[in-house]
Amino acid sequence: MSLDLQITKTQGNFTLDVAFTAPIGVTAVFGRSGAGKTTLINAIAGLIQPDAGHITLNQTPLFDSTKRINTPAYQRRMGYVFQDARLFPHMDVTQNLRFGLRHAPAGATGPSLDEVADLLGLTPLLNRRPTDLSGGEKQRVALGRALLSRPEMLLMDEPLAALDGQRKERILPYLERLKSGAAGLPILYVSHALEEVARLADQLVILSKGKVAAAGSIFDVLADPAVAPLVGVRQAGAVLQATVTEHGADGISTLHLKAGTIELPGVAAPIGNRVRLHVLAQDIILSRERPEGLSSVNILRVTIKNIRIGDGPGAAISLDAAGDQLLARVTARAVQDLNLTEGQSCFAIIKATSIAASSIGR
Amino acid sequence: MMLDPASWDALRLSLLVACTATIMALPIALWVAWLLARGQFRGKALLSALVHLPLVLPPVVTGYLLLIGFGRAGPIGKFLYEVFGITLAFRWTGAVLAAVIMGFPLMVRAMRLAIEAVDPKLEQAAATLGARPISVFATVTLPLIIPGILAGSVMGFAKAIGEFGATITFVANIPGQTQTLPSAIYSFLQVPGGEDRAIALVLWACVIALTAVALSEWLAQRVAKHIRGIENDT
């Protein structure tokens, strides 16, 4: 089960020219506005026709310019969750959900309306009209409607972009639940918010000016020094997986990493849970010696894998922490002064408060 | 308001012609409106011009063109008579044809505007959920344009009631057969002392027009409320 594509599409003086594979799980497509994200997702859905190339879902060609195949949108079985929800205004929530169900192919199986309503917390909203729903509620209904059309793949175009931080926080857990629940579906998640991507994605494709600038596992891509300028140096940072081992009475929790333990405030996940940490590159300090007498206790022994001196005064350094990958950003001068070289062993200090609560995903 | 038998006939005929014309034109107008609003094909501008032609031509010219085309000797009229035994010229059925042609641009216009007001993004969303184009139209577009369809129908109906020039040219003004309400008013005004009969019909014309507008307003409001979901009447 996977989506495989290679397409080109020219619109005005913009050309989209991409190729990648999206396996089961969440593949995030990240890029600034104008990078071609929506053009890409609309081409996959069949709403626009690429100039050339192919789109294949589970070995079935949906588009192939050489074989003149172009399956219409209504036969592609793509569950598309639009940025603006696009609920039908003349139908209530139940009718919107049933619309997906009614047009699902005969014989296709999947969760029932009740199960989807339960998963997405829609049961109290079933008799409401779209006009009476908040932005987050609309998005949940749109997601439920897409799931009930029995899709073979989910396409999500910035589903949280229209929501403020608090509402985003309320819907993210549903997406995380969906990720673990709807096993066997490739999910393409288009976003320009690295926070969401770091929290949800398994694979990451970075689009820049219509081309794939980087692609691979989220852990590898975000730890790549070359990617830092693409996502913006302030946002750049690797994603780590950690296990919650203890919740202290003072509100500080202990998390276990491969290279040791770190202490963080504001961790809500129960003990034993795996959580994701998005550690910003600018919040890591490097030291040649194990530092003593620091207020931070989050010190990991790391090995320098790769140093990339940027155009400006900064340098991005990828680090190996007993198999976990980290990305640090220091000044080029510091690289020189500390005489940092690839393969060298040193210590990374992570400021506990620098990991925002919102980036501590399940 | 009391009417003499000739006036009653004219009133009855006008209502019959207007209702028949509106019902017959409705599906075709809707189809053409959809083509003009959503279709992408060669000759779209030509179709649009053709549909709007009766609006800009003098009605007498339209009527005369109908007579040439649909008269017993005309190419289409001859075909209809020989194959189906249908005669249009100088019959009430011809008045229906004239009303359809004259009301058509008004109906298409109202419906086209309504279809264009439907966000194509909703139709795209329906397609990604697996709905075929015909199903998208029936379940998404159509319910959302009902106010426009009603408005278009009222326009078409009003035009059919009031149509004079094309009708009198194509089917003449035969009392009891092709004399519609406007033709009757015209005839009454041609004879001395006919003003009273004319005024009676004028009043009836006003009543019909006002009723049609009020009815469509009421229906449109109900539909709009239903669409917006203010009223939960299921």
Quiz item: When region B:135-162 is examined, which residues are found to be within 13 Å of chain A (Cβ to nearest Cβ) and either of a type in the set (Phe, Trp, Tyr) or in contact with a helix residue (DSSP H, G or I) (Cβ under 9 Å, 6 or more places away or on another chain) (or both)?
Solution: B:Ser135, B:Val136, B:Phe137, B:Thr139, B:Val140, B:Thr141, B:Leu142, B:Pro143, B:Leu144, B:Ile145, B:Ile146, B:Pro147
Quiz item: Got a sec? Which of B:Arg91, B:Arg132 is among the basic types (Lys, Arg), more than 13 Å from every other protein chain (Cβ to nearest Cβ) and surrounded by fewer than 21 Cβ atoms within 10 Å (Cβ to Cβ)?
Solution: B:Arg91
Quiz item: When both residues are 6+ apart or on different chains and their Cβ atoms are under 6 Å apart, which pairs have a first residue that lies in region A:119-134 and is within 14 Å of chain B (Cβ to nearest Cβ), and a second that is in a loop (DSSP other than H, G, I, E, B) and surrounded by fewer than 17 Cβ atoms within 10 Å (Cβ to Cβ)?
Solution: A:Arg129/B:Gly229; A:Thr131/B:Gly229
Self-check item: Scan of region A:97-107 for residues that are under 27 Å from the mean Cα position of the chain (by Cα) and either at the interface with chain B (Cβ under 10 Å from one of its Cβ atoms) or in a loop (DSSP other than H, G, I, E, B) (or both), ordered by number
Solution: A:Gly100
Quiz item: Restricting the search to region A:38-58, which residues are among the hydrophobic types (A, V, I, L, M, F, W, C) and farther than 13 Å from A:Val18 by Cβ?
Solution: A:Ala45, A:Leu47, A:Ile48, A:Leu57
Self-check item: Complete set of residues in region A:292-310 that are touching a residue at least 12 places away in the same chain (Cβ under 8 Å) and more than 20 Å from A:Ala238 (Cα to Cα)
Solution: A:Leu294
Quiz prompt | Of all residues in region A:61-93 being of a type in the set (A, V, I, L, M) and either in contact with a Lys or Arg (Cβ under 6 Å, 6 or more places away or on another chain) or more than 7 Å from chain B (Cβ to nearest Cβ) (or both), the one that is surrounded by the fewest Cβ atoms within 10 Å (Cβ to Cβ) | solution = A:Ile69
Quiz item: For the subset of region B:95-120 comprising residues that are more than 10 Å from the chain's Cα centre (by Cα), part of a helix (DSSP H, G or I) and of a type in the set (A, V, I, L, M), which member is surrounded by the fewest Cβ atoms within 10 Å (Cβ to Cβ)?
Solution: B:Ala117
Quiz item: Is it true that A:Ile48 is among the hydrophobic types (A, V, I, L, M, F, W, C), under 23 Å from B:Asp119 (Cβ atoms) and surrounded by fewer than 20 Cβ atoms within 10 Å (Cβ to Cβ)?
Solution: yes
Exercise. Give A:Ala334, A:Ala249, A:Ala269 a once-over and let me know the one that is among the small types (Gly, Ala, Ser), more than 23 Å from the chain's Cα centre (by Cα) and in a loop (DSSP other than H, G, I, E, B).
Key: A:Ala249
Quiz item: What are the residues in region A:201-253 that are without any contact (Cβ under 8 Å) to a residue 24 or more places away in the chain, within 24 Å of A:Ala269 (Cα to Cα) and touching a Ser or Thr at 6+ places or on another chain (Cβ under 9 Å), if any?
Solution: A:Gly248, A:Ser253
Quiz prompt | Only listed residue being part of a helix (DSSP H, G or I) and surrounded by 24 or more Cβ atoms within 10 Å (Cβ to Cβ), chosen from B:Ala160, B:Ala198 | solution = B:Ala160
Practice problem: Identify, from the list A:Val244, A:Val197, the residue that is closer than 24 Å to A:Leu40 by Cβ and either buried (at least 19 other Cβ atoms within 10 Å of the Cβ) or of a type in the set (D, E, K, R) (or both). | Solution: A:Val197
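Bear in mind that the values in this text are calculations on the coordinates, not laboratory data. Keep in mind it's a predicted model, so treat the numbers as computed, not measured. For neighbour counting, all protein chains shown are included, and Cβ atoms are generated from backbone atoms with ideal geometry for every residue, glycine included.
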